[in-house]
Ligand code: S3P
């Protein structure tokens, strides 16, 4: 029997990994970052998976990892990649779990991503333009899959982690 897991979704830079790790520590749960797991399985960085094998192969791996993590019997906090909601299969997999959208303004995301955008192939070019396009395409999908929204602008990791735990308790 799989457990009900806590899953964080949201655009790149919204803090899914750092907040997820903190929430897992605080609540004594396992933590999985799907991007890290994919990189480990492939033995390649996300950028190299995209350039050597294409985004579709990355998405296939992402679905496999999501399915595997969500089928675990161990209650887990899961940080997903920003594009996890694009696939209907993934959106279905998320049903029945506590899914929380870490929402941030484009200004917040662009500022946070200044030093790490180069690791993210979908941000190649004008980061702000790319983020705006992703937000346009995905906001509704984040809304559809999530039971709660936490606005993260101007908040520290600890503060967001507390809000996530409170939101989960109300779910
Ligand atoms: C992606 C987000 C990235 C990573 C990949 C694609 C996306 O994860 O999965 O570069 O489609 O938004 P983060 O949201 O953790 O940066």
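Read the figures in this text as sums done on the coordinates, not as results from a lab. Everything numeric in this text was worked out from a predicted model, so none of it was measured. Here Cβ is always computed from backbone atoms with ideal geometry, including for glycine, and neighbour counts include all displayed protein chains.
Of note:
- Annotation: extensible slack from residue 4 through residue 40 equals 10.5 nm (criterion: 0.36 nm per residue apart, minus Cα-Cα distance).
- Averaging the sequence gap over all C-alpha pairs within less than 8 Å and six or more residues apart, then dividing by the number of residues, gives the stretch 1-93 a relative contact order of 49 percent.
- When the Cα gyration tensor is reduced to axis lengths a ≥ b ≥ c, the ratio a/c is 1.5 or higher for the stretch 84-169, and with a/b not above b/c it is classed as oblate.
- Gained length - residue 30 relative to residue 60, 0.36 nm times residue gap less alpha-carbon distance: 8.4 nm
- Between residue 165 and residue 52, the simple spin-label model (points 7 angstrom out along Cα→Cβ) gives 4.0 nm.
- Rounded to whole Å, sorted largest first: equivalent-ellipsoid semi-axes of the chain, Cα gyration tensor: 23, 20, 15
- Length gained on full extension, residue 129 to residue 112, computed as 0.36 nm times the residue gap minus the Cα-Cα distance: 4.6 nm.
- Residues of the stretch 149-171 with amide N under 18 Å of a point placed 7 Å along Cα→Cβ from residue 143: 149-152
- Residue-averaged [θ]222 nm for the chain, counting only DSSP H segments that reach four residues, each worth -39500 (n - 2.57): -16500 deg cm²/dmol
- Relative contact order of the chain, pairs being alpha-carbon contacts under 8 Å that are 6 or more residues apart, as %: 35
- Packing order of peptides 85-97, 30-42, highest average first: 30-42, 85-97 (average count of other Cβ atoms within 10 Å over each peptide's residues).
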